[in-house]
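One structure is given below, encoded as structure tokens.
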Amino acid sequence: MGKIIWKGGALLAPVPPALVTCGTMEKPNILTIAWTGILCTHPPMTYISVRPSRYSYKIIQETGEFVINLPTSGMCRETDFCGMKSGSHINKAEKCHLEFLPGTAVYAPIIAQCPVSLECRVTEQKELGSHTMFLAEIAAIQIEEKYIDSKGKLNLQQAGLLAYAHGEYFALGRKCGDFGFSVRKKKKH
Ligand SMILES: Cc1cc2nc3c(=O)[nH]c(=O)nc-3n(C[C@H](O)[C@H](O)[C@H](O)COP(=O)(O)O)c2cc1C
């Protein structure tokens, strides 16, 4: 089978289509961000890449804070909507019936319906071209209680998170392994 060569482009998939919140409980905004990821484990660091034309851009730059909220596949329509309309004209939370809860480490609110919310403080800003990358420390994480079992283990597969791949949304499928399972010794019975 042959390979087709394309010129370099933004094709990394799947990625999380995050609902990023910024501003304050009194004046919040939401935008959808697919250009995000983890940069470092210790200290826990992430980034979001935002076009300067976004209404949220100035808010994030001025407050130095944002929250990465992970939507479920049931929130697919809301996730797309928050990436289509600007908060400069409309109240996206109201239109999508999304509720806010206060952050614990940042003034930016979290989205109540999202199972996981990463509260982030900007440490650095890099102008890369079309997008500016906001590097940030993950100061706190809020997780929906029902996904943590009695042993304190987070069972994220139960949350039904939404994925985004090359312009299309997907519900995460079946679990096919876990970290290190390929080299793990089987328990003797
Ligand atoms: C799936 C999806 C992913 C997106 N990813 C990004 C992104 O990574 N960076 C960005 O600047 N805009 C991204 N957008 C576009 C913004 O979410 C969109 O322009 C939004 O309306 C900006 O909202 P605001 O003007 O209220 O800040 C994405 C949109 C969608 C639908």
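Bear in mind these aren't lab numbers, they're just calculated from the coordinates by the rules spelled out. Fair warning: this is a prediction, and the values are worked out from it, not measured in the lab. With ideal geometry, Cβ positions are generated from the backbone for all residues, glycine too; neighbour counts draw on all protein chains shown.
Taking a sphere under 11 Å around the Cβ of Val106 and counting the other residues whose Cβ falls inside, with K and R at +1 and D and E at -1, yields a net charge of -2. The residues packed around Asp178, meaning those with a beta-carbon under 12 Å from its beta-carbon, carry a net charge of +3 if Lys and Arg are +1 and Asp and Glu are -1. From the square roots a ≥ b ≥ c of the eigenvalues of the alpha-carbon gyration tensor of the range 40-104, which class results: rounded (a/c under 1.5), prolate (a/b over b/c), or oblate? Judged from the Cα gyration tensor, the range 40-104 comes out oblate (a/c at least 1.5, b/c at or above a/b). According to the square roots a ≥ b ≥ c of the eigenvalues of the Cα gyration tensor, what is the shape class of the range 18-171, taking rounded for a/c under 1.5, prolate for a/b larger than b/c otherwise, and oblate for the remainder? Since a/c stays below 1.5, the shape of the range 18-171 is classed as rounded. Under a GNM of the chain (C-alpha, springs under 10 Å), which listed residue has the highest mean-square fluctuation: Cys76, Cys22, Cys120? Fluctuation is largest for Cys76. With contacts taken as Cα pairs under 8 Å at a separation of at least 6 residues, the range 18-171 carries a relative contact order of 26 percent. Each Lys or Arg adds one and each Asp or Glu takes one away; over the other residues whose Cβ falls under 12 Å from the Cβ of Thr72, this sums to -1. When the Gaussian network model of the chain links Cα atoms closer than 10 Å, the mean-square fluctuations of Leu31, Leu162, Leu12 top out at Leu12.
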